[in-house]
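The structure appears below as structure tokens.
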Amino acid sequence: MSFRRLLLLSLCSSLPVSFAAARHASAQSAPPPIIDVHLHALPADGQGPPPIALCMPFVEWPRWDQRELYQMVFLAELKNPKCENPVWSPVTDSAMRVQTLEVLERRNIFALVSGDPELVPAWLAAAPHRLTASLSVGGGANGTVVPDPEQARDAFTNGPYKAMGEVGTQYAGILPTDERLAPYWALAEELDVPVGIHVGTGPPGVIYMGATGYRARMHSPLTMEEVLVKHPKLRVYLMHAGWPMLDDLLAVMYAHPQVHVDVGVIAMVLPRAEFHTWLERIVRAGFHSRVMFGSDQMQWPGGIERAIEAIESAPFLSTVQKRDILYHNAARFLRLSEQEIARHHRGGK
């Protein structure tokens, strides 16, 4: 199993019948729109031979007896989930795309999509009314960052990309303040491109599955502080919101009013009581208007609605706060026009 595939990480000639039907139904009576700022277009085998499953939420995190390879322990968790109602992955790349887009149509979701550069174009072509391309930035071979800054500039100025993220260099042990990332922050600030950076949890035990540079201390949002000071006009959101380093997160959000967060993956997989406790602390501290919905959908399209339900079921959120987290905060952060917002409320028409 390759490191790149572990971490993240056929263009259809026409829409499948079920997808087309879902789109027609959406146009007839669109539910309230949702913006997902953290969606991936990834291969079906990106985390192991499909099908694989996740408990959403997790019942218990993996436990490792070092007489076994941890990769095999983790894969066994994905093949034999310890819960009654796991979410299983599709087995082909096309099924991954189709099932994900069906959820987006049914729930009237508009998403920033990043991931495999060979797959993203097909996803965009299949649902241009729902998807906006976001450029993945990660650790490459020999300590490099890919794509290089000039390729990134070309992707924004001549390509379809409108955002930068996921910046997943945490997996390679590259801190946000590393000089290798300096050109990317400068570019995003210059072009006013919104940026989503992985600051927080990855797969449990990922260090022992190839991400040898990954460290728990890099979950801290404080790692972004000097970047924020140096680039005050940078539009940035912290993917995974630094879980579980909540005090560090609140300190950064208090000191830097421009910082937003998304609930990517933690809304799916954290035990529900833990996720609600985490989110309630942020809301009680006065920061609900900077929390955005992100599913972090990788191999499990069914998890998108599990993540939405985690927001909708929160007893401490008002109806207004739920809608802000699911849509309005991201619409403001992304600076959507009134026309675009109106289109979303019409179901993408």
Segment 253-305 and segment 59-114 have their Cα centres apart by a whole-number Å value of 19
Per the rule of 0.36 nm per residue minus the C-alpha distance, extending residue 95 to residue 349 adds in nm 89.0 nm
In deg cm²/dmol, rounded to the nearest 500, the helical mean residue ellipticity at 222 nm of the chain, built from -39500 (n - 2.57) for every DSSP H run of length 4 or more, is -10000 deg cm²/dmol
For residue 162, counting only lysines whose alpha-carbon sits under 23 Å away and dropping same-chain residues fewer than eight positions off, the answer is 230, 233, 349
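Ranking request for peptides 176-186, 32-42, 101-111, 217-227: highest mean number of other beta-carbon atoms within 10 Å first, then the rest in descending order.
Details: 176-186: 16.8, 32-42: 24.5, 101-111: 22.7, 217-227: 19.3.
Sorting 176-186, 32-42, 101-111, 217-227 by mean packing, highest first, produces 32-42, 101-111, 217-227, 176-186.
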Here, residue 125 and residue 247, labelled 7 Å along Cα→Cβ, have an inter-label distance in nm of 5.3
Calculating Cα Rg over 2.2 N^0.38 Å from this structure picks out, from (1) 1.09; (2) 1.16; (3) 0.93, entry (3)
Neighbour-count ranking for 344, 231 (other C-beta within 10 angstrom, fewest to most) reads 231, 344
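If the chain between residue 212 and residue 190 were fully stretched, how many nm would it gain, using 0.36 nm times the residue separation less the Cα-Cα distance?
On the way: separation 22, 0.36 × 22 = 7.92 nm, distance 3.28 nm.
Length gained, residue 212 through residue 190: 4.6 nm.
I'd like the FRET efficiency for residue 341 and residue 318, computed as 1/(1 + (r/R0)^6) with the beta carbon distance as r and R0 of 22 Å, rounded to 0.05.
Details: r = 21 Å, r/R0 = 0.94.
Efficiency at R0 = 22 Å is approximately 0.60.
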Any residue on another chain or 5+ positions along whose placed amide H is under 5 Å from the amide H of residue 165 is listed here as 135, 136, 137, 196
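Given the chain, what percent of its DSSP beta bridges are antiparallel, to the nearest 5?
On the way: 4 of 29 bridges.
Close to 15 percent.
Every number here is computed from the coordinates shown, using simple stated rules; none is lab data. Predicted, not measured: the structure shown is a model, and the values here were computed from it. Glycine gets a Cβ as well: all are built from the backbone with ideal geometry, and neighbour counts include every protein chain shown.
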